[in-house]
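Report on one structure; see the data block that follows.
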Amino acid sequence: MEASQTGTTQDVIDVLTSDHREFEQLVAQITATADPAERRDTADQLIAELVRHAVAEEMFVYPAMREHLPNGEEAVEHDKQEHHELEVLMKRLEGLDAADPQFMETIAELRDVLRDHVQDEEGEQFPLLRANIPADRLISLKEKVEAAKNAAPTRPHPGAPNSALFHKLVGPGVGLVDRLRDRLSDRST
């Protein structure tokens, strides 16, 4: 079993926080290199990880937020809007050449939206989830989130609904098609 910072079994908040650190590292790698091929590969990896993370949150974390946080519905709607902004930016990034100056401008926009999203979650929502949801349920949510990330799409689909029902019914098929496209194009995910 993996241990969290408190020495107990890891829960969903530990996994999502770890994802956030990975996103920050990937953005830093993109901004630290001048090599367009390396930028592209790292951006593709960032996009895939962000999409998987967002889908898993929408499927399992947001319903828990609605149920357990005092302003849960408002927080979820705000987070879903940020997810949509990130998807639009990721879709734009997919279409840009990594040598184009707009590529780095889009990375900067994505970083800013992501930073705000992470601050909301880690500064407000995660502590409230820990305070209001039993530890065994948070561990159960971790398992569900990890399974969802494995089946989730790897590419942004900003026109698709950001809902748990959509992701549960259609997401695995979209994820399968995305992973096939990734393999056929040698996309880094």
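The values are calculated or read from the model by the stated rules, or taken from the named source; none is laboratory data. This structure is a prediction, so every number in the text was calculated from the model and none was measured. Positions of Cβ are generated from backbone atoms using ideal geometry, with glycine treated the same way; all protein chains shown enter the neighbour counts.
Which one of these is surrounded by fewer than 21 Cβ atoms within 10 Å (Cβ to Cβ) and touching an Asp or Glu at 6+ places or on another chain (Cβ under 6 Å): 70, 127, 158, 153?
158
Between residues in region 89-105 that are farther than 19 Å from residue 115 by Cβ and residues that are at pLDDT 95 or above and part of a loop (DSSP other than H, G, I, E, B), which pairs lie under 9 Å by C-beta distance while being six or more apart or on different chains?
Here the result reads 98/35; 102/96, each pair linking region 89-105 to a residue that is at pLDDT 95 or above and part of a loop (DSSP other than H, G, I, E, B).
Okay, residues lined up against (1) hydrophobic (A, V, I, L, M, F, W, C); (2) under 16 Å from residue 162 (Cα atoms); (3) crowded, with 20+ Cβ neighbours inside 10 Å:
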{"residue": "24", "(1), (2), (3)": "no, no, no"}
{"residue": "38", "(1), (2), (3)": "no, no, no"}
{"residue": "51", "(1), (2), (3)": "yes, yes, yes"}
{"residue": "58", "(1), (2), (3)": "no, yes, yes"}
{"residue": "62", "(1), (2), (3)": "no, yes, yes"}
{"residue": "74", "(1), (2), (3)": "no, yes, no"}
{"residue": "82", "(1), (2), (3)": "no, yes, no"}
{"residue": "85", "(1), (2), (3)": "no, yes, no"}
{"residue": "91", "(1), (2), (3)": "no, yes, no"}
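Got at least one residue in region 29-51 being hydroxyl-bearing (Ser, Thr, Tyr), part of a loop (DSSP other than H, G, I, E, B) and at pLDDT 95 or above?
Scanning region 29-51, I find at least one residue that is hydroxyl-bearing (Ser, Thr, Tyr), part of a loop (DSSP other than H, G, I, E, B) and at pLDDT 95 or above, so the answer is yes.
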